[in-house]
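Participant: My questions will all concern the structure given below.
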There are 2 protein chains.
Amino acid sequence: MQTLCCRSPRSVNVVAWGLCGGYAKRVKQHAAPQTPPETAGYRLDDQIGYVLRRATQRHLAIFSEVIPEVTTTQFAVLARLAEMGAQSQNHLGRATAMDGATIKGVVDRLVRLGLVETAPDTRDRRRLTVGLSAAGRSLFAARVGDAQDISDRTVAALNPAERAQLLELLSRLT
Amino acid sequence: MQTLCCRSPRSVNVVAWGLCGGYAKRVKQHAAPQTPPETAGYRLDDQIGYVLRRATQRHLAIFSEVIPEVTTTQFAVLARLAEMGAQSQNHLGRATAMDGATIKGVVDRLVRLGLVETAPDTRDRRRLTVGLSAAGRSLFAARVGDAQDISDRTVAALNPAERAQLLELLSRLT
DNA sequence: CGCAGATTGTTTGCGTGCAAACACTGTGCT
DNA sequence: AGCACAGTGTTTGCACGCAAACAATCTGCG
C-alpha cells in the first residue's frame, strides 16, 4: 500500500499538506480508536492554538529564508532599540514580550553577534543598559524593508482588508 | 524618577501592558535613536509575526494553567492519536505539524508519562508505531472538555462571528 | 537480482520560551 | 538608621522547534 500522500522529505513548515487521509492502516497492536470519526467533537485543526502554531511556523520559515542573519526575536529587539533607544534589559524584555531569562539569552547572542552593546547603569546599579551598536543600527536599517516584505509574504493569501482584520483580531487576544 | 509604569514582577504573558512610554531616560552611553518617532515606518506591534507570538504566549499560559499535566503539543499528539488511531511516528509528526526531531522528543516524553506506547512495525522495520495507552486514552477523554474551554477562553474577547473569521484567516496563512 | 534513491528514525547543536530559586540593589516607611 | 519589600539580573532545568548529518530499511527500475 503506502498511500504516499504526504511527500515533503523532512521539514514541517513551508509546505502545507492537509490531513492526507491515508493513515491508520495497521492499527493491530494498540487497540483501534474508540471513536472512529470525530473524538467528542474536538477537531485539532479548528483549535486556535494549533492554527496559531502552524501560522507561526510558516512565518518563521519565511523569515529565516529572507533574513538568515538573525532570528525573529532578535530582530524584534533590534527594532525596539531602534524605536526607542537604549534601555535596561528588563524594560527591553517587557517591550518585546520576553521574560527575564529569555531576553537575557537573546541579548547575549546579539552581543556575541556584535549588533548590540551593554553597559552598566551608573544611577541604578541593578540595571544593564542595552543599546544598538553601529553594526546593529546599520543591519536594522538595511533589513527593515525585507522585514516588511516578510510580513507581507506571510499574509500574502489575504487581501488588504483581511490583513487588517487579522491583525486587529489577533491584537485583541492579548 | 522611575516611572514604574510596568508592574508585573516577572512573567511576560497573562498580563498585557502596552508600550508604557516612560523609557529612554538615560541614553547617554549608546548614541540616541537616529529616528526618534517611527523607524522607517516599521512598527513592531503591527507585524504579524510579533502579534502571532504574543497571541501564542497567551494561549500557552491559559493552557498550562488549565491542563498542567501535558503541554499543548503533547495534547495535540494525544488528540490526533484519538482521532485516527496508532500510526508511525513520522506520520504522527506530519499530522501534528512537527518535524522528525520534535515529534521524537514529544513521543519520548509521552512514553515517559505513560500516556503513549510504541511498538516496532513488523511490516516496515524502519517504522515505529505510536498509539495511545489506556492512561492516555482516559486522560484525553477527561480533558477534551477543558481543552475546548481553553480555546474559548483564548478568544474570549471576540464574538462568535469574529472567532470564526480569525480561525478562517489564520488557516489561510498555511 | 542489484543498486540508486527515497523514507524513517536518531542524534547533535542551537535558539526560543517559561518556572523557580537566588543575589544584589533600590525604595519607602518607621 | 534600619528593615521589609520591590525591582533587576542570573542561573538551572525542562520543553518545543528546526537544520544537518547518519544509519537502517524499503522501493522502484533496469
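Participant: Could you check segment A:81-99 and list, in sequence order, the residues that are in a helix (DSSP H, G or I), more than 9 Å from DNA strand D (Cβ to nearest atom) and buried (at least 24 other Cβ atoms within 10 Å of the Cβ)?
Facilitator: A:Leu81, A:Ala95 - these are the residues of segment A:81-99 that are in a helix (DSSP H, G or I), more than 9 Å from DNA strand D (Cβ to nearest atom) and buried (at least 24 other Cβ atoms within 10 Å of the Cβ).
Participant: With respect to A:Asp152, is the statement that it is of a type in the set (Asp, Glu) and over 30 Å from B:Asp149 (Cα atoms) true?
Facilitator: Here the answer is yes, as A:Asp152 does meet what is asked.
Participant: Based on this model, can you work out whether A:Arg123 counts as within 9 Å of chain B (Cβ to nearest Cβ), without any contact (Cβ under 8 Å) to a residue 12 or more places away in the chain, more than 8 Å from DNA strand D (Cβ to nearest atom) and basic (Lys, Arg)?
Facilitator: Taking the combined requirement at face value, the residue satisfies it.
Participant: Does at least one position in segment A:38-51 carry a residue that is closer than 22 Å to B:Glu168 by Cβ, buried (at least 21 other Cβ atoms within 10 Å of the Cβ) and within 13 Å of DNA strand C (Cβ to nearest atom)?
Facilitator: No, segment A:38-51 contains no residue that is closer than 22 Å to B:Glu168 by Cβ, buried (at least 21 other Cβ atoms within 10 Å of the Cβ) and within 13 Å of DNA strand C (Cβ to nearest atom).
Participant: Among the residues of segment A:111-126, how many are within 12 Å of A:Ala86 (Cα to Cα) and in contact with a helix residue (DSSP H, G or I) (Cβ under 8 Å, 6 or more places away or on another chain)?
Facilitator: 4
Participant: Only residues that are touching a strand residue (DSSP E or B) at 6+ places or on another chain (Cβ under 8 Å) and more than 9 Å from DNA strand C (Cβ to nearest atom): list them for segment A:108-125, please.
Facilitator: Of everything in segment A:108-125, those that are touching a strand residue (DSSP E or B) at 6+ places or on another chain (Cβ under 8 Å) and more than 9 Å from DNA strand C (Cβ to nearest atom) turn out to be A:Val111, A:Leu115, A:Val116, A:Glu117, A:Thr118, A:Ala119, A:Pro120.
Participant: Could you please give the count of residues in segment B:101-139 that are surrounded by 13 or more Cβ atoms within 10 Å (Cβ to Cβ), over 18 Å from the mean Cα position of the chain (by Cα) and not charged (D, E, K, R)?
Facilitator: Qualifying residue count, segment B:101-139: 15.
Participant: Looking at B:Val77, is it surrounded by fewer than 22 Cβ atoms within 10 Å (Cβ to Cβ), more than 30 Å from A:Ala82 (Cα to Cα) and more than 7 Å from every other protein chain (Cβ to nearest Cβ)?
Facilitator: No: the conditions fail for B:Val77.
Participant: Please go through segment B:50-107 and give me each residue that is of a type in the set (Lys, Arg) and under 21 Å from A:Arg43 (Cβ atoms), ordered by number.
Facilitator: Selection gives B:Arg80, B:Arg94.
Participant: Listed residues B:Ala95, B:Ala135; which is within 12 Å of another protein chain (Cβ to nearest Cβ) and aliphatic (A, V, I, L, M)?
Facilitator: Result of the check over B:Ala95, B:Ala135: B:Ala95.
Participant: Return yes or no: is A:Thr102 part of a helix (DSSP H, G or I) and β-branched (Val, Ile, Thr)?
Facilitator: In short, yes.
Participant: Report, by residue number, each residue of segment B:54-72 that is in a helix (DSSP H, G or I) and more than 8 Å from every other protein chain (Cβ to nearest Cβ).
Facilitator: If the condition is that a residue be in a helix (DSSP H, G or I) and more than 8 Å from every other protein chain (Cβ to nearest Cβ), then B:Ala61, B:Ile62, B:Ser64, B:Glu65, B:Val66 are the ones that fit.
Participant: So which residues in segment B:154-166 are within 10 Å of chain A (Cβ to nearest Cβ), part of a helix (DSSP H, G or I) and either more than 16 Å from DNA strand C (Cβ to nearest atom) or out of contact with any His (no Cβ under 7 Å at 6 or more places or on another chain) (or both), if there are any at all?
Facilitator: B:Glu162, B:Arg163, B:Ala164, B:Gln165, B:Leu166
Computed from the coordinates by the stated procedures, all read-outs in this text should not be read as laboratory data. Because the structure is predicted, anything quoted here is derived from the model rather than measured. Note that each Cβ is placed from the backbone with ideal geometry, even for glycine, and that neighbours are counted across all protein chains shown.
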